[in-house]
Every structure is written in C-alpha cells, then in structure tokens.
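**Student:** This structure is in structure tokens; I'll ask about it shortly.
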Amino acid sequence: MPHSSGEVRLSNSIVFTNATLVTLGEPCQVISNGACWVDRGVIRALGPQHQLEERLPPVARLDLGGRVLM
C-alpha cells in the first residue's frame with residue numbers, strides 16, 4: 001500500500017514472484033523465475049516458482065519482473 005511519503009509498506013507476509021534468486025550459501029545458486037515467501041522477516045520457502053506455487057499462502061505478492069533478489 002502506498003504511504004503518504006511515497007514509500008511502500010508491506011504486510012507481515014509477502015511472496016516475491018518472477019525473481020532471479022541468488023543464494024549466498026555453498027554452493028551459490030542462481031534461480032530464474034523464482035519465488036520467495038517471507039513471513040515476519042523469515043524466509044519460509046525459496047525456489048523455482050512453478051514448484052512452489054501450490055505451497056505458497058494467499059498473501060500479498062510482488063512481481064519483481066526478473067530483478068535479482070539476494
């Protein structure tokens with residue numbers, strides 16, 4: 001939701017979709033067309049969007065248009 005200052009405030013839970021996910025673990029991975037569910041600051045699910053779609057909750061979604069999410 002846009003705030004009066006122009007910033008966007010998100011709910012406690014959000015799913016980022018259509019993202020290029022870059023993991024920083026060993027080994028580092030790059031996942032195209034990925035999804036990431038973040039709930040209260042904790043990553044709950046991460047991976048290819050088509051594999052996660054049925055498990056993702058009905059919460060706010062933000063389409064990243066292929067942008068990188070690290």
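**Student:** State which residue is farthest from the chain's Cα centre (by Cα) when the search covers only the range 44-65 and only residues that are under 20 Å from VAL22 (Cβ atoms) and loosely packed, with under 11 Cβ neighbours inside 10 Å.
**Tutor:** Filtering first and then ranking leaves HIS50.
**Student:** Quick check on my filter: what residues within the range 10-43 are within 10 Å of the chain's Cα centre (by Cα) and open to solvent by 90 Å² or more (accessible area, probe 1.4 Å)?
**Tutor:** ILE43
The values are calculated or read from the model by the stated rules, or taken from the named source; none is laboratory data. Fair warning: this is a prediction, and the values are worked out from it, not measured in the lab. We place every Cβ from the backbone using ideal geometry, glycine too, and count neighbours over all the protein chains shown. Areas reflect the complete protein model, heavy atoms only, side chains present, ligands, DNA and RNA absent. Shrake-Rupley method; radii C 1.70, N 1.55, O 1.52, S 1.80 Å.
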